[in-house]
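Take a look at the structure set out below.
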Amino acid sequence: MSAPNKSYDPVEVETLKPEEIERMRDEALAAIASAADVDALREVKVAHAGDRSPLALANREIGALPPHAKAEAGKRVGQARGAVNQALKARQEVLEAERDDRVLVEEAVDVTLPYDRRPEGARHPLTTLSDRLADIFVAMGYEVAEGPEVEAEWFNFDALNIWADHPARTMQDTFFVQGKEGGKDGEESGVVLRTHTSPVQIRSLLDREPPVYVICPGRVYRSDELDATHTPVFTQIELLAIDEGLTMADLKGTLDHMVQSLFGDDITTRLRPNYFPFTEPSAEMDMVCYVCRGESVGNPDRPCRTCSSEGWIELGGCGMVNPRVLIACGVDPQKYSGFAFGFGIERMLMFRHKVEDMRDIVEGDVRFTLPFGMEI
Ligand code: PHE
């Protein structure tokens with residue numbers, strides 16, 4: 001601010017002289033007109049219309065003038081500031097419109113260009129199905145358990161009550177990695193590629209205190225030839241529940257829940273007596289054919305390819321855990337009981353998605369995998 005105004009005449013205050021105000025205004029208008037873009041105009045605005053601009057500073061001088069002079073000086077400065085603000089606004093609109101037009105041109109996307117053709121890949125449908133099955137049980141409070149694929153014979157057979165002379169142990173079924181005789185002195189167990197996921201039952205029981213609720217998905221190996229319906233490497237999913245008071249009714253309810261989650265509310269299961277060394281009683285489990293729902297049975301006009309008109313689809317094995325298995329794992333069979341089931345999911349993938357040849361599942365050709373998409 002300048003020194004007190006002795007003469008009380010606005011003309012005497014240098015910054016309030018009409019030609020000074022005019023000069024400030026014209027300078028401002030020239031700067032506004034030459035601002036090339038919105039950013040430049042922002043700077044011009046600060047310099048010529050901001051708090052420290054010449055016109056704003058001149059405006060402050062008015063307060064020191066006598067009343068009659070105030071009005072005249074106020075009008076002059078006010079008009080100049082009004083002209084500057086108007087010019088700023090008009091220029092702002094012009095520059096914004098120019099910028100928008102430029103952005104439209106610069107950022108235009110040519111939608112006719114070919115898109116990126118790199119293949120995206122997809123999860124293998126076996127993984128997706130295995131995850132989905134595991135999810136059903138995780139939602140019921142089960143835990144996912146895993147075990148090694150190269151397994152001690154003791155876990156794969158002995159602990160599961162499969163004795164040394166059991167046919168499943170022979171070379172026709174089992175890939176032996178190291179026989180007992182190959183083991184070091186005193187070693188009791190040979191080493192095999194696991195023939196089923198049941199050894200994970202044993203590992204889970206040894207690792208945890210009951211109650212135990214686990215689901216074990218995993219790869220298993222049997223010395224089969226690879227053909228349309230067999231593969232030496234396949235995927236099983238096995239379930240084990242050990243608690244007080246579990247019965248076969250719990251097993252049946254759990255199986256029904258699983259098939260209903262996958263195939264629809266009206267699908268049920270049935271159990272047919274069977275034998276497994278590690279379960280007693282044991283059963284083979286079937287589910288109602290979800291395609292014909294049994295209507296193809298005895299009805300030649302309506303044959304069903306999914307269940308070969310049998311009305312049922314075989315899933316796998318199940319039963320109440322044999323007390324011998326519980327004892328082998330240090331679980332008291334007087335107090336605890338449990339159920340288990342296991343099945344191969346390649347078969348389920350085959351009938352669920354009409355895959356005709358098992359080799360398609362195994363060979364890893366993306367042309368097979370891609371149509372299943374990137375399901376997460
Ligand atoms: N482990 C058996 C198999 O591989 C399946 C099974 C699991 C049967 C659990 C009963 C209970 O064939």
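Scan GLU314, GLU310 and give me the residue that is within 16 Å of the ligand (Cβ to nearest atom), among the charged types (D, E, K, R) and closer than 22 Å to GLY344 by Cα. Working first, answer last.
Working: GLU310 fails: within 16 Å of the ligand (Cβ to nearest atom).
Exactly one of GLU314, GLU310 is within 16 Å of the ligand (Cβ to nearest atom), among the charged types (D, E, K, R) and closer than 22 Å to GLY344 by Cα, namely GLU314.
SER7: modelled with pLDDT of 90 or more, exposed (fewer than 15 other Cβ atoms within 10 Å of the Cβ) and of a type in the set (Gly, Ala, Ser), yes or no?
Numbers: modelled with pLDDT of 90 or more: no; exposed (fewer than 15 other Cβ atoms within 10 Å of the Cβ): yes; of a type in the set (Gly, Ala, Ser): yes.
So SER7 fails the test.
What pairs can you find where one residue is in segment 138-166 and under 20 Å from TYR213 (Cβ atoms), the other is of a type in the set (Ser, Thr, Tyr), and their Cβ atoms are less than 7 Å apart, with a gap of 6+ or different chains?
Close Cβ pairs satisfying both conditions: GLY141/TYR213; TYR142/TYR213; GLU143/TYR213; ALA145/SER204; LEU160/SER198.
Name the helices (runs of 4 or more DSSP H) wholly within segment 312-376 that hold at least 3 residues that are in the same structural domain as ASP266 (by TED's automatic domain parsing), more than 30 Å from GLU225 (Cβ to Cβ) and hydrophobic (A, V, I, L, M, F, W, C)?
Numbers: elements: 323-328, 345-353, 358-363, 366-369.
In segment 312-376, 323-328 are the helices (runs of 4 or more DSSP H) which contain 3 or more residues that are in the same structural domain as ASP266 (by TED's automatic domain parsing), more than 30 Å from GLU225 (Cβ to Cβ) and hydrophobic (A, V, I, L, M, F, W, C).
Let me confirm something: among LEU246, LEU255, which residue is at pLDDT 95 or above, in the same structural domain as MET285 (by TED's automatic domain parsing) and within 13 Å of the ligand (Cβ to nearest atom)?
Working: LEU246 fails: within 13 Å of the ligand (Cβ to nearest atom).
Exactly one residue qualifies, and that residue is LEU255.
For segment 260-294, enumerate the residues that are free of Cβ contacts under 8 Å to residues at least 40 places away in the same chain, within 16 Å of the ligand (Cβ to nearest atom) and within 33 Å of the chain's Cα centre (by Cα).
ASP286, MET287
Out of all the residues in segment 136-184, which are at pLDDT below 95 and loosely packed, with under 13 Cβ neighbours inside 10 Å?
TRP163, ALA164, ASP165, PRO167, THR170, MET171, GLN172, GLY179, GLU181, GLY182, LYS184
The values are calculated or read from the model by the stated rules, or taken from the named source; none is laboratory data. Nothing here was measured: the structure is a model prediction, and the numbers come from that model. Virtual Cβ from ideal backbone geometry, glycine too; neighbours counted across all protein chains shown.
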